[in-house]
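The values are calculated or read from the model by the stated rules, or taken from the named source; none is laboratory data. Bear in mind the structure is a predicted one, so any value in this text is a computation, not a measurement. FYI the Cβ positions are ideal-geometry reconstructions off the backbone, even for glycines, and counts take in every protein chain you see. What goes into the accessible areas is simple: the full protein's heavy atoms, side chains included, and nothing from ligands, DNA or RNA. Shrake-Rupley method; radii C 1.70, N 1.55, O 1.52, S 1.80 Å.
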Amino acid sequence: MTTDSDSPAEASETLRPRGSQAFWTVVVALPAAFSLLRLWVEAGGQVQTTLLLVANVSAVNLLAAMFITGTRLVTMGLVAVFAMGGILSLSADAAEAAGDPSRRRPLFARWVEAAPLWLLTTTFVLAAATWQILYLPLLVPAFVATFQATSAYQALHAAQRLLAATVVLLAYAWVVWPTLGDAWQQHEYFALLMLALPPLLALMISEPVPTQLARLIATTAQPAVLALLVWAALPVLTTPVLPLTVTTATSADGTPEFIRGHVIGSDDTMTSILQERGGVRYLLNTRITARVLCPLPEELPVYRLRIRDFHVEDSLLEAVGRRVRPVTVTDAACRSATTSAT
Amino acid sequence: MVGFSQKKLVAAGAVLVLLILVGAAAWRGETETPDLPSVAEKLAEAGLDDHARHPVLRIGIHTERRLLGFQENGVYTGFDIEIARYIAKNLGYGDKIEWTPIRNANDRILFLEQDTVDLVLASFSITDERKKRVRFAGPYLITEQSVLVSAKNKTISSIQDLRNLAGKVCVAASTTSESLLEDRQIRPDARDNSEVCFKGILDGKYQAMVAGRTILVGFASQYPEQVKVLDLELGLEDNLGIDRVGIGVSKNNPALQDLVNYFLNKSYLEQQSGRMTEWQSAYDRYLAVPHGQQSQPKPDEAPQLLDYDAKAPMR
């Protein structure tokens, strides 16, 4: 492996500390900045409402919400980087062996080679737990591409690799077989390809790719991953930070009013609610008689496909959670799309 | 430059296909919309999503039929009432129900046509004739035509006995019971509703009345000493006398029919999977003893809609 510096000793003294500072800046500051951007969107772009949210939403809650919705995004970025890095690393080795080394070893290849095994493993475990089940098959070739750059993989004999691949593929086929039939019947060809193709492709990518393609990937990979991350970050940016509720407030004459929105906070006398369609309502606590939690229309699935009764648009974590609390109750108050009084 | 080996080309192809697949996944993940209509969309189509404009669900019911639809001191009880509450809750109306009393059989169709009510749950049997004027969801109950007589009566035990009682057999006009009696060549006195007939039995004006068994067992439960329901087969080969009781919906509101069918079917499927349903607890509470054990019938239509429980475990 080559580095930017002239000698390894110098690299450890000068680059590592700077790299570590940059790393922590990114790890702490980026989610914080991203969370604030989310609050801005959540507030409907209104400065005063944003300030109210900032004053009421605690940093810990915000980061926790960020972690819950952002894990998928972060692991996606890392898996993409590692997988491409693995492919590029293998190809760079092949090019070097053939006496045609590239001027600099590709960035992603250096990253995956430098990444400790625990980071790679944690990334894949988190991805497996938080990605939608429909996209989990992509992890199989990504796993092979990433780990073929590690010494642990290279130490395996070809026969051992073949045996492992056969066992994994057979188990995979047994798990998804009924769903493939359902997808065919429902004319969901994209889902069919997504479930069937990636594990087969995994068998083919443990070879170096032609040098030209490797160079093309190396030059386009960084902007491509960035674009993918921005594209995937958009829905995360608009995911609400506060849960959606319908609050029943009863007026002095007993008429109930149903207010649909996100509860920002409450003090001894007042509760502030950010209404779903915009605007903040302050309600006297004594007027509030009931409150229910409501789902969002965005939570409705697109597919009617299940893998062994796990819905393909759930993550494994969500699917297991649904088995712990199998009943989904949608309160009557959630069905009305508007804030209303009777 | 290194020559392209076959393996390298395969690997290159695999990588390209993967990249295309990832791109397609990213694109579809953002832009894909469900094929199925959602419950929320159907509610909007049915005009029931905006409670500011449609603040209460108006339901036509009987108010004098014990076990089915009964009102006492402003409290509504009965099997039909419980099913109506189940539907209202699922349509997002909870307790926001306006109960509209149905006084005679014809009102059930008229109220729907005149948009006085949104739904009718009043022993409303599904027939082809009625389907020309209203829509039906369900059935949510299967019952049969039966005969109710005074407890002292020992003379009526056959169809022929009923034929001999011209004018002394009472039936509610415009009901499936009336047409069954016509088919049986029994000439009844057709009155506004079954309550009038029942009063006539108590007063001694009529000797027998014919109606759905659920209605009759309700009357009998009210006056167990004075009346009894006979085990008399009224059905014919071409008119079995089986009533498939449904929920009436206006002809102009197919979305509401879909919604009601969807929630009835949901309850049916839950029962099939062995879970206790609101249908079953309502039936057990009101009808299981006098009408006999029954489970929820399968609705004729089961529209597929998307709801928030679409990802819930199925087993």
Counting only residues 5 or more places away or on other chains, whose amide H sits under 5 Å from the amide H of B:R58 once H atoms are built in the peptide plane? B:E98, B:D118, B:L119
Of the candidates A:S266, A:L119, A:Y172, the farthest towards the positive dipole end of chain A (Lys/Arg Cβ +1, Asp/Glu Cβ -1, centred on the Cα centre) is A:S266
Per-residue ellipticity at 222 nm for the protein assembly as shown, helices alone: DSSP H runs ≥ 4 residues times -39500 (n - 2.57), over residue total, nearest 500 deg cm²/dmol? -15500 deg cm²/dmol
Share of Cα-Cα pairs in the stretch A:194-342 lying beyond 24 Å, as whole percent: 58 percent
Can you give me the relative contact order of chain B as a percent, contacts being Cα pairs under 8 Å and 6 or more apart? 24 percent
Inter-chain Cβ neighbour average for residues A:311-320, partner chain, 10 Å: 1
Normalised contact order of the stretch B:55-166, rounded percent, pairs of Cα under 8 Å and 6 or more residues apart: 26 percent
Can you work out ³J(HN,Hα) from phi for every residue in the stretch A:259-267, in order, using Karplus 6.51 cos²θ - 1.76 cosθ + 1.60 and θ = phi - 60°, giving whole Hz and x for Gly and Pro? 10, 8, x, 9, 6, 7, x, 8, 10
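Can you give the FRET efficiency to the nearest 0.05 for B:N239 and A:L169, using r as the Cβ-Cβ distance and R₀ = 51 Å?
It comes to 0.25.
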Please list, by residue number, every one of the trypsin sites (Lys or Arg not before Pro) in the stretch A:78-121 that is coil in DSSP and has at most 12 other beta-carbon atoms within 10 Å. A:R103
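Largest first, how would A:L293, B:L180 line up by accessible area (1.4 Å probe)?
Solvent-accessible surface, decreasing: A:L293, B:L180.
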Sequence of A:M76, B:M314, A:M66 when ordered by accessible area, the most exposed leading, probe 1.4 angstrom: B:M314, A:M76, A:M66
Residues B:A52 and A:V327, FRET efficiency given R0 of 35 Å [Cβ-Cβ distance, rounded to 0.05]: 0.70
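What is chain A's relative contact order, in percent, from Cα pairs under 8 angstrom and six or more apart in sequence?
19 percent
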Area of A:H262 that stays accessible when all protein chains are in place (1.4 Å probe, Å², to 10): 20 Å²
Segment B:D300-B:T155, extension gain: residue separation times 0.36 nm, minus the distance between their alpha carbons: 48.2 nm
How crowded by other chains is B:93-99, given as the mean number of beta carbons from other chains within 10 Å of each beta carbon? 3
I need the phi-derived Karplus couplings for the stretch A:315-331: 6.51 cos²θ - 1.76 cosθ + 1.60, θ = phi - 60°, integer Hz, Gly and Pro marked x. 7, 4, 4, 5, 5, 5, x, 5, 7, 6, 10, x, 8, 9, 10, 9, 5
If packing is taken as the average count of other Cβ atoms within 10 Å, what order do A:241-247, A:142-148 fall into, highest mean first? A:142-148, A:241-247
Would you pull out the residues with amide H under 5 Å of B:E144's amide H, same chain only if 5 or more places away, H placed 1.01 Å from N? B:R213, B:T214, B:D243
Tell me the Kirkwood radius of the stretch B:215-302: reciprocal of the mean inverse pair distance over distinct alpha-carbon atoms, in Å. 15.6 Å
Given Cβ point charges of +1 (Lys, Arg) and -1 (Asp, Glu) and nothing else, what value in debye, to the nearest 20, does the dipole of the protein assembly as shown about its Cα centre take? 480 debye
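Compute the FRET efficiency between A:V47 and A:L119 as 1/(1 + (r/R0)^6), taking r as their Cβ-Cβ distance and R0 = 41 Å, and round to the nearest 0.05.
Given R0 = 41 Å and the Cβ-Cβ separation, E is 0.55.
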Mind checking how much accessible area B and A bury in total, 1.4 Å probe, in Å² rounded to 100? 4900 Å²
Gain in length, A:A33 to A:Y153, computed as 0.36 nm per residue apart minus the alpha-carbon separation, to one decimal in nm? 39.4 nm
Ratio of Rg to Rh over the stretch A:35-132 (Cα coordinates, Kirkwood Rh, two decimals): 1.22
Subtracting the Cα-Cα distance from 0.36 nm times the residue separation, let me have the gained length for A:R308 to A:A129 in nm, one decimal. 62.8 nm
Computed over the stretch B:14-139, Kirkwood Rh from alpha-carbon pairs, angstrom: 17.4 Å
Return the inverse of the average 1/r over all pairs of distinct C-alpha atoms in the protein assembly as shown, which is the Kirkwood hydrodynamic radius, in Å to one decimal. 30.0 Å
About the Cα centre, charge dipole magnitude for chain A (Lys/Arg +1, Asp/Glu -1 at Cβ), debye: 240 debye
List residues of the stretch B:182-218, by number, whose backbone nitrogen lies under 18 Å from a label position 7 Å along Cα→C-beta of B:T116. B:192-196
For the stretch A:63-80, take each phi angle, set θ = phi - 60°, evaluate the Karplus expression 6.51 cos²θ - 1.76 cosθ + 1.60, and give the result in whole Hz per residue in order, putting x for glycine and proline. 5, 5, 4, 5, 5, 4, 8, x, 4, 4, 5, 5, 5, 4, x, 5, 4, 4
Over the protein assembly as shown, with every protein chain in place, what whole percent of the accessible area is carbon and sulfur at 1.4 Å, could you tell me? 59 percent
Going by accessible area, probe 1.4 Å, with all protein chains left in place, what is the ranking of B:E41, B:E129, largest first? B:E129, B:E41
Taking 2.2 N^0.38 Å as the expected size of a compact globular protein, what ratio does the Cα radius of gyration of the stretch B:89-167 give against it, to two decimals? 1.54
Averaged across A:209-218, how many Cβ atoms of other chains sit within 10 Å of each residue's Cβ atom? 4
With every protein chain present, what is the per residue accessible area of the protein assembly as shown (1.4 Å probe, Å²)? 50 Å²
